[in-house]
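Inspection log for the structure reproduced underneath, given as structure tokens.
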Amino acid sequence: MKVILKEEVKSLGAIGSVINVADGYARNYLIPRNLAAEASTKNIKQFEHEKKIILERAKKVKADAQNLAGQLTVLSVVIEAQAGEEDKLFGSVTSMDIVEALAKQGVAVDKRKIHIEEPIKRLGTFTVSVKLYPEVTASISVELKKQEA
């Protein structure tokens with residue numbers, strides 16, 4: 001059975017691909033989960049229209065992500081944390097701590113988009129990457145200061 005993929009399926013192909021799959025796989029898995037539609041001429045024309053809308057929406061989201069990346073690269077985040085001897089923190093700084101510090105500066109970022117390469121467990125200045133969109137990444141400077149008692 002020929003189907004049009006509505007979403008990217010790892011083992012099959014990308015969005016908009018017209019592929020040939022087993023009848024049972026199409027009827028029992030792909031079509032009920034809205035991953036694909038039967039490749040009739042009507043469905044192909046409809047999907048071309050939907051594809052244009054999806055691409056326009058993706059361009060807008062990417063532009064918004066690039067604007068946010070421009071704002072983030074200028075920002076510097078300061079977090080106060082309790083530290084012991086040799087400037088070691090009691091615990092570590094998480095992505096949620098960085099999100100809260102960004103929120104205080106008026107920038108909203110999802111905590112899942114912040115990538116800390118290794119746990120931050122010392123005082124100092126660190127660079128943290130924020131992946132806003134597949135091709136858009138920003139870097140934030142995070143400075144950790146000792147919390148005054």
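The values are calculated or read from the model by the stated rules, or taken from the named source; none is laboratory data. Treat the numbers as computed from the prediction; the structure is a model and nothing was measured. As a convention, Cβ positions derive from the backbone with ideal geometry for all residues, glycine included, and neighbour counts pool all protein chains shown.
If we keep just the residues of the range 100-133 that are in contact with a helix residue (DSSP H, G or I) (Cβ under 7 Å, 6 or more places away or on another chain) and closer than 16 Å to A65 by Cα, which is surrounded by the fewest Cβ atoms within 10 Å (Cβ to Cβ)?
Selected residue: K111.
Suppose we filter the range 77-128 for residues that are more than 12 Å from L144 (Cβ to Cβ) and touching an Asp or Glu at 6+ places or on another chain (Cβ under 8 Å); how many remain?
1
Quick check, is F126 over 30 Å from N20 (Cα atoms) and over 25 Å from the mean Cα position of the chain (by Cα)?
Judged against the criteria, F126 is not a match.
I'm checking my understanding of the structure. Among residues of the range 134-149 that are acidic (D, E) and farther than 23 Å from A63 by Cα, which one is surrounded by the most Cβ atoms within 10 Å (Cβ to Cβ)?
E143
A quick yes/no check of all residues on (1) modelled with pLDDT of 90 or more; (2) under 21 Å from Y133 (Cα atoms):
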{"site": "A58", "(1), (2)": "no, yes"}
{"site": "V61", "(1), (2)": "no, yes"}
{"site": "D64", "(1), (2)": "yes, yes"}
{"site": "N67", "(1), (2)": "yes, yes"}
{"site": "G70", "(1), (2)": "yes, yes"}
{"site": "V78", "(1), (2)": "yes, no"}
{"site": "D87", "(1), (2)": "no, no"}
{"site": "S95", "(1), (2)": "yes, yes"}
{"site": "V99", "(1), (2)": "yes, yes"}
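Let me spell it out: the conditions are (1) hydrophobic (A, V, I, L, M, F, W, C); (2) outside the structural domain of Y133 (by TED's automatic domain parsing); (3) out of contact with any Leu (no Cβ under 8 Å at 6 or more places or on another chain), and F90 meets all of them except one. Which number is the exception?
For F90, the exception is condition (2).
Yes/no per residue for (1) surrounded by 14 or more Cβ atoms within 10 Å (Cβ to Cβ); (2) in a helix (DSSP H, G or I):
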residue: I44; (1), (2): yes, yes
residue: R57; (1), (2): no, yes
residue: A65; (1), (2): yes, yes
residue: I79; (1), (2): yes, no
